[in-house]
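Chemist: Pasting a structure below so you can have a look.
The values are calculated or read from the model by the stated rules, or taken from the named source; none is laboratory data. What you see is a predicted model; the values in this text were computed from it and never measured. Counting neighbours? That spans all protein chains shown, and the Cβs are built from the backbone with ideal geometry, glycine included. Only protein heavy atoms, including side chains, enter the accessible area calculation; ligands, DNA and RNA are left aside. Shrake-Rupley method; radii C 1.70, N 1.55, O 1.52, S 1.80 Å.
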Amino acid sequence: MSAMARCWFIAASSREVGARPIAREILGRPMVLFRGVSGEVVALADRCPHRGVPLSLGTVERGAIVCRYHGWRFDARGACVDVPCAGPDDGPPRARVAAYPTRELGDTIYVCVDGNPAGEPTRWPLEEHPGAASCQAVVHFPAGLEPVLHNFFDPGHPGFVHPQAVQRPDPEKHKGSLSRAHIEETPTGLRVEYSRPYARQLPRPRRGRPSLFVLSLRALMAAGHIPPAKKHRYWEELVFPSTIRAHHHFSDERQFIQSFVCTPENEKSTRVTMRFEARVGPTSPLLALLLRRRTLAVIDQDVAIVKSQAEALARYGDEGLMAATADGPNAWLTRALRRFESGEWGRSELGSKDIEFWM
Ligand code: FES
Ligand SMILES: [Fe+2]
């Protein structure tokens, strides 16, 4: 099993798993989620061992799942406990389906496809902080995990893919818009801290009509809930195996963090749980909602470009692709994922690098 298979991935939110079974897929394994007798979350392979019908089409009765086709019943460990049309001389049913380890932490359900998970799931960064508020949204990318992680970790695209939110680099005005990035490897992944002006352009486009998000940020700054923009620090993180986080940091007490936690469904589909956490005083819930709104206003543009990229790469391959200086974080991301997957991460010294590029 690869290192990825032993990781925890988000399968659903607590709310989604109730009286009815739901279907999910992680790393190419279709699974059904439901609640067992004491309300615990159960994840079983979504294929009835009788004639292969998805168990997720069935019903949950007293903590067991009953197949829709002929009513075979499976308990929380995946053991078949009833075959309705068995004969009088048949012994106890022998069929079983694979059961996957699950965790329900806060309002999030995690599943590991290996029976021997590595560690515990990574929690939300501000989950335990008093006064922090959060909200979330889910988006599907029709592409494998890596291009999606690259999209979230990519400083070069926002001005082109999201021109209404971020101003694109102007070749005539290169002077004064040199951005710096400090890339460093960490025990849990990568951290890239951007200097201004890249840091500044995220909450505040340099030209054009300010968005509701920017106007709200200014109002929050004016009211003293967020320190002025010059105190703003911005960094992005890769957290193994599949999370990208964007940190907007004003002080240890005031920050907001966007997490993009990717669940690799299969080679052509990635489910992303986006969490928006804010810790800025009484207006935290408002800021979390604004962050969500701002991201949902542009995320379809990311989905569309990553979809086109996946289609083209499937047709023409990736031979001969080139990189620019601003692709530094992406190159480090590729290398980090390879080393994580092969179990090499942490065995050698952690590296770092500074790059400069025009924004
Ligand atoms: S296919 Fe499931 S009970 Fe027959
Ligand atoms: Fe984007």
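Chemist: For the stretch 36-53, give me each residue that is away from ligand 1 (no atom under 12 Å from the Cβ), without any contact (Cβ under 8 Å) to a residue 60 or more places away in the chain and surrounded by fewer than 16 Cβ atoms within 10 Å (Cβ to Cβ). Spell out how you get there, then give the answer.
Modeler: So the first thing to find is which residues in the stretch 36-53 are away from ligand 1 (no atom under 12 Å from the Cβ), and the list is 36-45.
Applying the additional criterion that residues be without any contact (Cβ under 8 Å) to a residue 60 or more places away in the chain yields 36-39, 44-45.
Result: 37, 38, 39.
Chemist: Which residues, counting only those in the stretch 350-359, are touching a Ser or Thr at 6+ places or on another chain (Cβ under 7 Å) and outside any strand (DSSP E or B)?
Modeler: 350, 359
Chemist: Of all the residues that make up the stretch 99-118, how many are in contact with a Lys or Arg (Cβ under 9 Å, 6 or more places away or on another chain) and either closer than 22 Å to residue 39 by Cβ or open to solvent by 70 Å² or more (accessible area, probe 1.4 Å) (or both)?
Modeler: Keep residues of the stretch 99-118 that are in contact with a Lys or Arg (Cβ under 9 Å, 6 or more places away or on another chain), which gives 99-100, 105-114, 116-118.
After this cut, where a residue has to be either closer than 22 Å to residue 39 by Cβ or open to solvent by 70 Å² or more (accessible area, probe 1.4 Å) (or both) as well, the list is 99-100, 105-112, 116-117.
Residues flagged as in contact with a Lys or Arg (Cβ under 9 Å, 6 or more places away or on another chain) and either closer than 22 Å to residue 39 by Cβ or open to solvent by 70 Å² or more (accessible area, probe 1.4 Å) (or both) within the stretch 99-118 amount to 12.
Chemist: Shifting gears a bit: Residues in the stretch 203-222: is at least one at pLDDT 75 or above, over 23 Å from the mean Cα position of the chain (by Cα) and closer than 22 Å to residue 128 by Cβ?
Modeler: Looking for residues that are at pLDDT 75 or above, over 23 Å from the mean Cα position of the chain (by Cα) and closer than 22 Å to residue 128 by Cβ, one finds none in the stretch 203-222, hence no.
Here is a yes/no grid of residues against (1) more than 16 Å from ligand 1 (Cβ to nearest atom); (2) open to solvent by 40 Å² or more (accessible area, probe 1.4 Å); (3) farther than 20 Å from residue 122 by Cβ:
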position: 242; (1), (2), (3): yes, no, no
position: 280; (1), (2), (3): yes, no, yes
position: 285; (1), (2), (3): yes, yes, yes
position: 313; (1), (2), (3): yes, yes, yes
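Chemist: Still on this structure, I have one more. Please specify each residue of the stretch 295-349 satisfying the condition of being in a loop (DSSP other than H, G, I, E, B) and of a type in the set (A, V, I, L, M). Full working, then the answer.
Modeler: Of all residues in the stretch 295-349, those in a loop (DSSP other than H, G, I, E, B) come to 317-324, 342-349.
Correct list: 321, 322, 323, 324.
Chemist: Within the set of pairs 6 or more residues apart or between chains, which connect a residue that is of a type in the set (Asp, Glu) inside the stretch 88-108 to a residue that is crowded, with 16+ Cβ neighbours inside 10 Å and modelled with pLDDT of 95 or more with Cβ atoms less than 9 Å apart?
Modeler: As it stands, the answer is 90/83; 104/17; 104/41; 104/110; 107/136, since those pairs meet every condition given.
Chemist: With part of a strand (DSSP E or B), among the small types (Gly, Ala, Ser) and under 19 Å from the mean Cα position of the chain (by Cα) as the only criterion, which of 43, 23 stands out? I'd like the intermediate steps shown before the answer.
Modeler: Numbers: 43 fails: under 19 Å from the mean Cα position of the chain (by Cα).
Going through 43, 23 in turn, the sole match is 23.
Chemist: What number goes with the only condition from (1) open to solvent by 50 Å² or more (accessible area, probe 1.4 Å); (2) part of a strand (DSSP E or B) that residue 262 does not pass?
Modeler: (1)
Chemist: A further question follows. Checking residue 226 against (1) in contact with a Leu (Cβ under 9 Å, 6 or more places away or on another chain); (2) at pLDDT below 95; (3) open to solvent by 10 Å² or more (accessible area, probe 1.4 Å), only one condition comes out false. Which one?
Modeler: Every condition holds for residue 226 apart from (3).
Chemist: Which ones in the stretch 330-345 are closer than 14 Å to residue 5 by Cβ and over 20 Å from the mean Cα position of the chain (by Cα)?
Modeler: Result: 342, 343.
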